[in-house]
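Structure record follows, encoded as structure tokens.
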Amino acid sequence: MRLNRFSKLISQGEGLGKRLLLALITLALLTGGTAWLADRPDISAAAWAAGTAVVLASLIADIAISLGKREFGLDIIAALAMAGALLLGEYLTGSIVALMFTGGQALEDFAQRRARRELTALLDRAPRTAMRYAEGQWEEVPVGELTAGNRILVRAGEVVAVDGNVEGGNVAVIDESALTGEALPVRRRSGEPVLSGTVNAGDAFQMTASRSAAESTYAGIARLVEAARVAKAPMARLADRYALVFLAITLLLAGGAWAISGEAVRALAVLVVATPCPLILAVPVAIIAGVSRCAGKGVLVKGGGALEMLANTKTVLLDKTGTITDGRAALIDARCRSDLDAMEVLRLAASLDQGSHHVIARALVAAARERGLELSTPSASREMSGAGVAGCVEGHEIAVGGRDFVSAHIEPSVFSREVHEWIARDGFVAVLVALDRTLAGAFLLADEVRPEASSVLRQLREAGVRRIVLATGDRAEMAENLASFLDVDSVMAELTPEDKTRIVEAEKAAGRPVMMVGDGVNDAPALAAADIGVAMSARGAAASSEAADVVILVDRLDRLVSAIRIARRSHRIALQSVYAGMGLSIAGMIAAVLGYLPPLQGALVQELIDVVAILNALRALTGPMQGWRRRPRMTHAELLRLEEEHRGLIDIVEEIRHTAERVGHLPAPEVRRQLADLDVLLRQRLLPHERQDDEELYPRLRGSADTPDALAGMSRTHMEIRRRVHSLASVRNALGEDGPSLAQRYEIQRLLNGLEAITRLHFAQEQEIYRMLEDG
């Protein structure tokens, strides 16, 4: 910890020193200029010389340190130009070169500081204190004082401070997602192990420490992060790659000019024109522009080296939980008795769950609120930690929880046996609901795959990524299930943090730049070890954000593709500035060799080259042009509004599915009534939304696009949705007095199932298109 603070102080001191040097040489130039205008050449010469000498001394010290590290850059040319100017009395020329050099350094330092200002210290979420039982009472002590054998109380919502085991008579509900990648909480009973760094997602429980804090899992991961960071080779500056060749050309031309003409001033002119300001200035400008554009997309890039490596990525390793998936439990499916409305069962269950702190209870409450359901206040609530809740809602006796808990509150029935078979699925959490001592229904929750995941993988390959690996701490069957419909090259599951780091090193050995994308504490060592680590920090761990080179601040995986595209464009523009600037500099050097450019005029010519190079570099601040017309754009606010509209319609989509399930069992009059109610919903809410898209949104997007029919497929889906709604109405109107026949029930179910599938897919496709347009 002290070493980290010391390194931070050194870094802050270096940044302050660069800014002071820029201020100093600027002051020296202004002072000298004022003295020259006042006809005091002695004072102007002294001011310019002093400013140049200070910058030169600092530069020589930096060069010596770099050479000691076996690092080599173009700073040597700037040092030779400044030293030559001082020796030959060309003080104004020397100060101009010094200004350009310190300006480039200050720009680069600004890029680094801007990228890091939103980050906190490593492992900021680590607990500082814990409740320990000693001498007959509980006392709060620093985590460092905990030892093996201590009895510890972990309160609701707290991070477990040390590794240990649950004490007898206790049941712990633990959120292990930060360590293992498992999104859903797990129950730990008496004697079962609990790892430090996990979160108590249930009621308070007692445990016995098996290790001290320094020896526990969380501290071990922190040490892995630091070890990987130290072992990681520093990222080379783009400009330094051209140093050796350019320095050789410069020295050859300068030496030749001096040898042929016998004038040292001519050699100085070559050095001044050769001062690599297009590299010193234009490259940082392009890099800062790229970092700024990424920040505008909610992506924090920690400096130019990270942006350059982002542009060169060829292999991507992706964590599952919180990266490919949403990282939270979401309502996926429901099954309720035919005489009950699924939304009403959800409302009653969520009303009771409002008082619970369990992560699944919170997910159920969130699902009800997303669907606009009005929750009631429960009474007489009784919660069994990690099992379920029982109580009263609106005069009804309600029980919500797992199979065993709810089974104790109901009488067995045919429906309960069907539900028990229905919930027997891997990868889901089942929540059963009892209403007045009979089973009302069940809900399935799971960690959903992000809707943009497939599109992101496709776009990564289009951006030049050759290999994509899914690397997760989750179970193998869960990972294989994902790989069955996602375009990945390899799947590796049940990985520890050490395993992930080894996989990163193995992929790096193939010779391709490796990117690791993750969000949990367990991903931090691999993020630090990769050539470029990317952390999903919207809900991720502080450790992963600190270890990463790039931090995605918004909960959007598609921003990874945006960042890569921005990085590649910025890198390409920086290279253009390098090539153009070096080409113009070489032309100026040849003119200086021939005697056409004295040192001062050479410095001014170099300034003109700088302006050209910097103006080109500033193009990185904007997106690419599509010919004479830009691609259609959608503001972030408009995107959020459209996504909110889709979320507001999801209850209709679910009602379509629930109606399809009930149609096979409902009495004839009830079928007619429910179809009529659904028809009203569809015509009052769903169809107007689709009509508005067709009449207002799509024409605007078509009008600004190069391909007017790009949204034709979406409009065709609108037509199919309208056709199926009309077909449902036709079937309902054709029902006889005795209600639907078996064939009519089958046809109604077929139409409803098709309408649900088309509408869900259509919403997902629209969201993908809208996000692509919003990325600009």
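The values are calculated or read from the model by the stated rules, or taken from the named source; none is laboratory data. The structure presented is a predicted model; accordingly, all values stated were derived computationally and were not measured. In this analysis, Cβ positions are derived from the backbone assuming ideal geometry, glycine residues included, and neighbour counts consider all displayed protein chains.
The table below gives the values:
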quantity: Top-ranked residue in region 432-457 [being of a type in the set (Asp, Glu) and outside any strand (DSSP E or B); ranked as nearest to LEU557 (Cα to Cα)]; calculated: GLU452
quantity: Boolean, LEU675 is in a loop (DSSP other than H, G, I, E, B), in contact (Cβ under 8 Å) with a residue 60 or more places away in the chain and under 30 Å from TRP422 (Cβ atoms); calculated: no
quantity: Every pair of residues 6+ apart whose Cβ atoms lie under 9 Å, when the first sits in region 185-211 and is without any contact (Cβ under 8 Å) to a residue 24 or more places away in the chain and farther than 15 Å from VAL143 by Cα while the second is acidic (Asp, Glu) and buried (at least 23 other Cβ atoms within 10 Å of the Cβ); calculated: VAL186/GLU176
quantity: Search result, residues across region 723-771 that are outside any helix (DSSP H, G or I), small (Gly, Ala, Ser) and surrounded by 15 or more Cβ atoms within 10 Å (Cβ to Cβ); calculated: GLY739
quantity: Region 708-759: number of residues that are over 22 Å from ARG672 (Cβ atoms) and among the aliphatic types (A, V, I, L, M); calculated: 8
quantity: Residue tally, condition in a helix (DSSP H, G or I) and not aliphatic (A, V, I, L, M), over region 344-376; calculated: 7
quantity: Tally, over region 549-579, of residues that are buried (at least 17 other Cβ atoms within 10 Å of the Cβ), assigned to a helix (DSSP H, G or I) and aliphatic (A, V, I, L, M); calculated: 9
quantity: Residues being closer than 16 Å to HIS357 by Cβ and of a type in the set (Val, Ile, Thr) - total across region 374-405; calculated: 2
quantity: Residue selected from region 196-221 under the condition of a type in the set (A, V, I, L, M, F, W, C) and surrounded by 22 or more Cβ atoms within 10 Å (Cβ to Cβ), by the criterion modelled with the lowest pLDDT; calculated: ILE221
quantity: Top-ranked residue of region 430-444 - restricted to ones that are buried (at least 20 other Cβ atoms within 10 Å of the Cβ) and either of a type in the set (Val, Ile, Thr) or at pLDDT below 85 (or both), ranked as nearest to the chain's Cα centre (by Cα); calculated: VAL431
quantity: Pairs where the first residue, in region 149-174, is closer than 10 Å to ASP203 by Cβ and the second is part of a loop (DSSP other than H, G, I, E, B) and of a type in the set (S, T, N, Q), C-beta under 8 Å, 6+ apart; calculated: ASN170/SER190; VAL171/SER190; VAL171/SER385; VAL173/SER385
quantity: Single residue of ALA311, ALA361 found to be closer than 30 Å to ALA493 by Cα and under 20 Å from the mean Cα position of the chain (by Cα); calculated: ALA311
quantity: Top-ranked residue of region 337-361 - restricted to ones that are closer than 20 Å to ASN200 by Cα and modelled with pLDDT of 85 or more, ranked as surrounded by the most Cβ atoms within 10 Å (Cβ to Cβ); calculated: ASP353
quantity: Boolean, ASP447 is of a type outside the set (Val, Ile, Thr) and either crowded, with 18+ Cβ neighbours inside 10 Å or over 22 Å from the mean Cα position of the chain (by Cα) (or both); calculated: yes
quantity: Count - residues of region 464-475 that are over 30 Å from VAL406 (Cβ atoms) and either in contact with an Asp or Glu (Cβ under 6 Å, 6 or more places away or on another chain) or buried (at least 16 other Cβ atoms within 10 Å of the Cβ) (or both); calculated: 8
quantity: Residue list for region 732-746, restricted to those being under 18 Å from ARG657 (Cα atoms) and out of contact with any helix residue (DSSP H, G or I) (no Cβ under 6 Å at 6 or more places or on another chain); calculated: GLN744, TYR746
quantity: Residue check, VAL393 touching a Pro at 6+ places or on another chain (Cβ under 8 Å) and modelled with pLDDT under 90; calculated: no
